[in-house]
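Novice: Handing you a structure now.
Please treat every number below as a calculation from the coordinates, not as lab data. Just so we're clear, the structure is a prediction, and the values are computed from it rather than from any experiment. Ideal geometry is used to build each Cβ from the backbone, glycine not excepted, and the neighbour counts take in all protein chains shown.
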Amino acid sequence: MLLSDVPDGLLVIVKEECETCHTVLPALVELAKQQTLTVAVQDQPGWPSELTPLDDSSLALSWELGTEVTPTLYQVTNATATQLTIGWDRAAWRDTTGLPQLGEDLPPHRPGCGSMTQDPATHARLTAQDEGQEVFSSRTLELGSEEDPHEAMFTRGWADGLPAVPPTPERVRAMLAATARAPQELVAH
């Protein structure tokens, strides 16, 4: 799912494991009765059952929006989103929605939780997808489905018995991003 699939109106990104998202659920239900609200959930398709959430378990929409915290409320107009508020801030949500009684029974403020896009491994995977699968100049070695990568490195003489980390495309990208060396530089024979 991408932003172009979201109708004009309000959009909120949530996840079931986020306590603040559970806290704001009554406000979301109230809001959905009065305005166009799209709820996109990162981790549990079908949650919250009180609403009709969109499945963002691929994190495509969250990644496209740059969502770093759940819940985050956006205004969507013509497939363009404006970030309105992060976490729960009753006054900000009321200003945004024009509903002066929204969240009356909720605490005035609750910080959100980290978006699943911020998990280091997920972030690396999404970055790789976003950048495309460029071709590395080094050769790629395919291992058999039953072959352990660590054992394969040791057997081929690529490790001296100390722990070694298999060089996946995501790990190579992360290493190249952290160094001042040019990707084409030969550092060992």
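Novice: Which length gain, in nm to one decimal place, applies between ALA91 and VAL187 when the Cα-Cα distance is subtracted from 0.36 nm times their residue separation?
Specialist: 29.0 nm
Novice: Which residues' amide hydrogens lie under 5 Å from the amide hydrogen of THR38, considering only partners 5 or more residues apart or on another chain, with H built in the peptide plane?
Specialist: Excluding prolines and chain starts, which carry no amide H, the hits are LEU10, LEU11, VAL12.
Novice: Would you grab the residues whose amide H sits under 5 Å from the one on GLU16? Only those 5+ places off in sequence or on another chain, please, with H modelled 1.01 Å from N.
Specialist: Hits under the 5 Å cutoff: GLN42, ASP43, GLN44.
Novice: Report the calculated FRET efficiency for ASP8 and GLU50 (r = Cβ-Cβ distance, R0 = 25 Å), to the nearest 0.05. Write down the numbers at each step before the final one.
Specialist: Working: r = 22 Å, r/R0 = 0.90.
Plugging the Cβ-Cβ distance into 1/(1 + (r/R0)^6) gives 0.65.
Novice: So what's the angle, to the nearest 10 degrees on a 0 to 90 scale, between helix 120-131 and the longest Cα principal axis of the chain?
Specialist: Rounded to the nearest ten degrees, it is 80.
Novice: Can you tell me the relative contact order of the chain? Whole percent, Cα pairs under 8 Å, sequence separation 6 or more.
Specialist: 19 percent.
Novice: Pull out the extension gain between THR122 and GLN101, defined as 0.36 nm times the separation in residues minus the alpha carbon to alpha carbon distance; nm, one decimal.
Specialist: Result: 3.8 nm gained on full extension.
Novice: Then there's this: Expressed as a rounded percentage, what relative contact order does region 1-108 have, with Cα pairs under 8 Å and six or more residues apart?
Specialist: 31 percent
Novice: Related question: With no other cysteine's Cβ closer than 4.7 Å, which Cys residues of the chain count as lacking a disulfide-compatible partner?
Specialist: There are none, since every cysteine in the chain has another cysteine Cβ under 4.7 Å of its own.
Novice: Quick one: Karplus J couplings for region 88-97, per residue in order, coefficients 6.51, -1.76, 1.60, θ = phi - 60°, nearest Hz, x for Gly and Pro?
Specialist: 3J(HN,Hα) across region 88-97, in whole Hz: 10, 9, 3, 4, 5, 5, 5, 4, 5, 8.
Novice: Mind giving me the nanometre distance, one decimal, between the label points for VAL29 and GLU151, set 7 Å out from Cα along Cα→Cβ?
Specialist: Those two pseudo-labels are separated by 5.3 nm.
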